[in-house]
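Visitor: Take this structure, written in structure tokens, and hold onto it; I'll ask about it next.
The values are calculated or read from the model by the stated rules, or taken from the named source; none is laboratory data. Computed from a predicted model, the values in this text were never measured in an experiment. Cβ atoms come from the backbone with ideal geometry, glycine included; neighbour counts cover every protein chain shown. All accessible areas refer to the heavy atoms of the entire protein, side chains included, with ligands and DNA or RNA removed. Shrake-Rupley method; radii C 1.70, N 1.55, O 1.52, S 1.80 Å.
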Amino acid sequence: MEPLVKKEHTNVVFIGHVDAGKSTIGGHIMYLTGMVDKRTLEKYEREAKEKNRETWYLSWALDTNQEERDKGKTVEVGRAYFETANRHFTILDAPGHRSFVPNMIGGASQADLAVLVISARKGEFETGFERGGQTREHAMLAKAAGVKHLIVLINKMDDPTVRWDVARYEECKEKLVPYLKKLGFNPKTDLCFMPCSGLTGAFLSEPVDESICPWYRGPCFIPYIDSLPSFYRKAEGPVRMPIVDRYRDMGTVVLGKLESGRVIKGNTYMLMPNRVGNVRTNKREAAQIQ
């Protein structure tokens, strides 16, 4: 049987301290890749402005329930999809608040690739990285969940306290590298650092003008993840999918990362330790599973 998906499917989890800008970056990526149209964003912008939350509107593409929008904090792991020339990506937007660490672990355990979002704003990086901040814990949990490649986005570089200052970028980088190395990430092969602005979209898809940021001419985020080597799974092997969550919606829906094999509509699978289940799904859902 031919595979249902021609493009390789990659799960990307966005992790990091609360208010680092994970949902804003995810929402802007969806806009840049055509998954959210301009009219929808303008509607979110109007609604956010009415609540005096003008800078939150991009995050509403991922933070869909009212509680998350009112508080400006992700609670559940947000899921969204976008495509590039070579890949089909699932965004897993993990909550940054320490109260929702179990939800973050659920997102990280499904990921092929992790994006650690760091706020360069004065005071925010220090709060996230010091003991008690979630930057350290999220990076450690992502490594423990089996994530092998980590992209570190130094966000909010356009903030008035930063203004694309290379010294601030290097300061964040120099503090992070020794800790990430201690966790087991190889700085040469497993890590990639990039500056960006989730609000303006700088370096997400296109570079900014050299007059604004002359010191970084490296890859932008979306082209970079599109060009990464294949996250090879044994498609012809036995089906192996660790289940991290489930919910009921016209039957039982299970969530997890497919480590090998293919899940095909109509097939019967063994759910360990002792249950048998049939897959009932449409082609689009099957594509997302793959």
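Visitor: Summing +1 for each Lys or Arg and -1 for each Asp or Glu, what net charge is found among the other residues whose Cβ lies under 13 Å from the Cβ of Val208?
Guide: -2
Visitor: Right, something else. What is the gain in length, in nm to one decimal, between Ala85 and Val254 on full extension, counting 0.36 nm per residue of separation less the C-alpha to C-alpha distance?
Guide: So the chain would gain 58.0 nm between Ala85 and Val254.
Visitor: Okay, moving on. Kirkwood Rh over alpha-carbon pairs of the range 121-234, then Stokes-Einstein at 25 °C and 0.890 mPa s: what D in µm² s⁻¹, rounded to an integer? Before the final figure, lay out each step's value.
Guide: Values: Rh = 15.2 Å.
D, rounded to a whole number, is 161 µm²/s.
Visitor: Tell me which residues come under 5 Å, amide H to amide H, from Val36 once H is placed; ignore anything under 5 positions away on its chain.
Guide: Amide H to amide H, under 5 Å and 5 or more residues apart or across chains, Val36 pairs with Tyr31.
Visitor: Give me the one-decimal nm value for the distance between modelled label points at Asn186 and Glu206, 7 Å along each residue's Cα-to-Cβ direction.
Guide: Distance between the two pseudo-spin positions: 3.6 nm.
Visitor: What FRET efficiency comes out for the pair Ile264/Ala144, r = Cβ-Cβ distance, R0 = 35 Å, nearest 0.05?
Guide: That pair, Ile264 with Ala144, gives E of 0.65.
Visitor: Taking the solvent-accessible surface of protein heavy atoms with a 1.4 Å probe, what is the per residue accessible area of the range 139-241 in Å²?
Guide: 51 Å²
Visitor: What do you reckon, how do Lys234, Lys257, Lys175 stack up by accessible area (1.4 Å probe), largest on top?
Guide: Output order, biggest surface exposure first: Lys234, Lys175, Lys257.
Visitor: Would you mind calculating the gained length between Lys173 and Asn52 on full extension (0.36 nm times residue separation, minus the Cα-Cα distance), in nm to one decimal?
Guide: Working it through step by step, the gained length comes to 40.2 nm.
Visitor: Here's a follow-up. Just the number, please: carbon plus sulfur as a percent of the accessible area of the range 102-201, 1.4 Å probe, no ligands or DNA/RNA counted.
Guide: 53 percent
Visitor: Same structure, new question: Can you list which of the GluC sites (Glu not before Pro) found in the range 180-266 are DSSP loop residues with at most 11 other C-beta atoms within 10 Å?
Guide: Sites meeting the loop and neighbour criteria: Glu210, Glu236.
Visitor: Once the dipole of the range 78-221 is set up with Lys and Arg at +1 and Asp and Glu at -1 on Cβ about the Cα centre, which of Ile151, Ala120, Thr84 lies farthest towards its positive end?
Guide: My answer, from the dipole projection, is Ile151.
Visitor: Counting other C-beta atoms within 10 Å, and keeping those with at most 15, which DSSP coil chymotrypsin sites (Phe, Trp or Tyr not before Pro) do you find in the range 167-228? Walk me through the numbers before you get to the answer.
Guide: Numbers: sites: Tyr169, Tyr179, Phe185, Phe193, Phe203, Trp215, Tyr216, Phe221, Tyr224; in loops: Phe185, Phe203, Trp215, Tyr216.
Answer in residue order: Trp215.
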